[in-house]
Amino acid sequence: MDSRGVVREQALRDMSLRVTHLDALPNGRFVVQGHSAAGDRNAQIYGMDGRRRRSFAMGRAVEYLMADRWHHVWSAYFDEGVYTDPISAGGLVRWDSGGNRQWGYSAPEGVEYIDTVYAFNVDDGVAWANYYPTFPLLEVRTTGDLRLRRTPVVAPAGMAVHGEDITMLGGNRQPDRLHRCRLAESEALLVEEACLTLPSGAPLKRYARPVGRGRHLYLRGTSPRQWYVTDI
């Protein structure tokens with residue numbers, strides 16, 4: 001589906017994975033990740049013609065797989081991969097759109113490493129992650145800049161980021177709560193809180209993992225083609 005809401009179907013040929021994650025790349029290409037019966041090559045790049053261009057190992061226990069418009073692919077992991085697989089060990093990895101590893105997270109001295117990424121957001125050239133066990137806000141840019149901030153929210157489910165503003169959904173055992181914060185040098189300062197509802201005003205109950213892309217936070221409705229979006 002494009003930004004105008006137009007749905008286009010694309011068949012991917014010679015699929016050899018049981019797919020768990022998929023995202024679109026620039027120029028009509030796709031990256032997919034899943035379970036492979038043929039060893040550790042559990043990710044694939046497909047061209048705009050639907051033909052497979054490359055298979056590669058992305059590591060175990062991928063929690064998030066997201067691409068941006070600058071030809072970067074980001075993979076974030078949960079504990080089963082962090083503790084058992086050398087590719088997943090850093091908890092967050094950046095690839096180019098050909099499947100070549102470019103960067104992996106290493107926690108600065110005195111900072112807890114990633115056990116599991118709880119909330120994730122990707123924009124052009126930047127990724128944001130909130131992770132267990134201490135739930136800092138990690139900002140990573142493709143320029144090499146890296147920053148960690150304290151946040152007032154424990155275990156958020158999703159987040160939207162724009163400029164110096166960040167809104168986190170869930171956390172603090174309140175799955176429908178929005179926490180709007182202002183980014184300071186070393187922390188995210190709580191500005192206000194609100195309760196997120198459906199457009200009808202009905203309460204927001206269980207939901208699939210939100211998708212954060214820059215200032216937008218997407219939540220899936222009752223079908224794969226029904227999505228709700230909130231932005232900041």
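The values are calculated or read from the model by the stated rules, or taken from the named source; none is laboratory data. The shown structure was predicted, so the numbers you read here are calculated from the model rather than taken from an experiment. Don't worry about glycine lacking a Cβ; one is built from the backbone with ideal geometry, like all the others, and counts go over all protein chains shown.
Just checking, does region 194-206 include any residue being β-branched (V, I, T), assigned to a strand (DSSP E or B) and loosely packed, with under 15 Cβ neighbours inside 10 Å? Checking region 194-206: at least one residue is β-branched (V, I, T), assigned to a strand (DSSP E or B) and loosely packed, with under 15 Cβ neighbours inside 10 Å.
If you check P199, P224, P175, P203, which single one turns out to be of a type outside the set (S, T, N, Q) and under 18 Å from F135 (Cβ atoms)? So that I can check it myself, show each step before the final result.
On the way: P199 fails: under 18 Å from F135 (Cβ atoms); P224 fails: under 18 Å from F135 (Cβ atoms); P203 fails: under 18 Å from F135 (Cβ atoms).
Of P199, P224, P175, P203, the one residue that is of a type outside the set (S, T, N, Q) and under 18 Å from F135 (Cβ atoms) is P175.
When G144 is tested against (1) surrounded by 13 or more Cβ atoms within 10 Å (Cβ to Cβ); (2) outside the structural domain of L219 (by TED's automatic domain parsing), only condition (1) is not met.
Restricting to region 37-54, and then to whatever is of a type outside the set (K, R) and within 15 Å of S75 (Cβ to Cβ), can you tell me which residue is farthest from the chain's Cα centre (by Cα)? If you could, list the steps in order and put the result at the bottom.
Initially, region 37-54 is screened for residues of a type outside the set (K, R), giving 37-40, 42-50.
Narrowing further to those that are within 15 Å of S75 (Cβ to Cβ): 40, 42-45.
On the way: D40: 22, N42: 18, A43: 16, Q44: 18, I45: 18 Å.
By that ranking, first place goes to D40.
In this structure, E80 does not satisfy being surrounded by fewer than 16 Cβ atoms within 10 Å (Cβ to Cβ), modelled with pLDDT under 95 and either out of contact with any helix residue (DSSP H, G or I) (no Cβ under 6 Å at 6 or more places or on another chain) or of a type outside the set (S, T, Y) (or both).
Please go through region 39-65 and pick out each residue that is more than 13 Å from G99 (Cα to Cα), out of contact with any helix residue (DSSP H, G or I) (no Cβ under 8 Å at 6 or more places or on another chain) and buried (at least 16 other Cβ atoms within 10 Å of the Cβ).
Kept after step one, since they are more than 13 Å from G99 (Cα to Cα), are these residues of region 39-65: 39-40, 48-51, 60-64.
Next, from what is left, pick out any that are out of contact with any helix residue (DSSP H, G or I) (no Cβ under 8 Å at 6 or more places or on another chain): 39-40, 49-51, 63-64.
Listed by number, the residues that qualify are E63, Y64.
The numbered conditions (1) in a strand (DSSP E or B); (2) surrounded by fewer than 17 Cβ atoms within 10 Å (Cβ to Cβ); (3) among the hydroxyl-bearing types (S, T, Y) are all true for T222 except (1). Filtered by the rule that a residue be of a type outside the set (A, V, I, L, M) and either out of contact with any Phe, Trp or Tyr (no Cβ under 9 Å at 6 or more places or on another chain) or modelled with pLDDT of 95 or more (or both), region 211-228 gives G212, R213, G214, R215, H216, Y218, T222, S223, P224, R225, Q226.
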